[in-house]
1. If you check every pair at least six apart or on different chains, which have Cβ atoms under 8 Å apart with a residue in segment 160-182 that is of a type in the set (A, V, I, L, M, F, W, C) first and a residue that is assigned to a loop (DSSP other than H, G, I, E, B) second?
2. Taking into account only those residues within segment 120-151 that are charged (D, E, K, R) and in contact with an Asp or Glu (Cβ under 8 Å, 6 or more places away or on another chain), which is modelled with the lowest pLDDT?
3. Pick from 142, 155: which is outside any loop (DSSP other than H, G, I, E, B), in contact (Cβ under 8 Å) with a residue 24 or more places away in the chain and at negative phi?
Amino acid sequence: MSINSRPIYYYKEKKMDRTPKQDLRFIKNENLIQKTFREMIAENEYSRISIKELTERAQINRKTFYLHYPSLDHLVVACQLKLMEPTLQMITRTVFPDDAEKIIQHSFQFMAALDPVDKKILSIKGKIPDAKSPSDLIRECFFEKYHSFPEYNHFESNLIITYFSVCLGVIYRQWEVDGQRIPIEEMIPLATRLILHGLDGTGLTERKTQETACSDGSEVCP
């Protein structure tokens, strides 16, 4: 089973093979490891964090860490999945494309509400082979739920899902890069128009059509 395969609770399921689910000490240590990692990632770049430093700061031994995670990269994936879980669960409860606007709204509100540490964790790229980024996880979740649409074959459906998920991610990232200068209550409707209607949603193509009609004399313009 791939480290990034579903179900989401892969790590917990694997660990339950060795540790009773009701083992409060195990749960406490796991929470401590993740809490300590968050504190360290707030202070340093990921590349400067080591298991040795993390365990010393958490006051646990390395054997305890490895009982939970094979490596720091696996810890990162677990933290990313934990952060992404509300969005992934939301997708499983929606109907696409009927709930496309709801998905866009939730995604923007969820990402905008993340604190800087959460965003930093989601941006980390580890060295686990075939590891999936958060955006890949969202797209995979769509693929798993919507194998195909009645009007389209499997490959055409893949393109539709890819278009929607990629556009959503790229538009959000650009909004972040620009410092979220557009208020979120205005950004969500704009993103919705762009994703669902493309350039037509901006009104630019309609204006261009009118200008062309005026220039070639096919319409009487003011």
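1. Here the result reads 160/149; 160/152; 161/96; 161/146; 164/96; 164/97; 175/182, each pair linking segment 160-182 to a residue that is assigned to a loop (DSSP other than H, G, I, E, B).
2. This residue is 132.
3. On the way: 155 fails: in contact (Cβ under 8 Å) with a residue 24 or more places away in the chain.
From the options 142, 155, the qualifying one is 142.
The values are calculated or read from the model by the stated rules, or taken from the named source; none is laboratory data. None of these values were measured; they are calculated from a predicted model. Backbone-built Cβ (ideal geometry, glycine too); neighbour counts: all protein chains shown.
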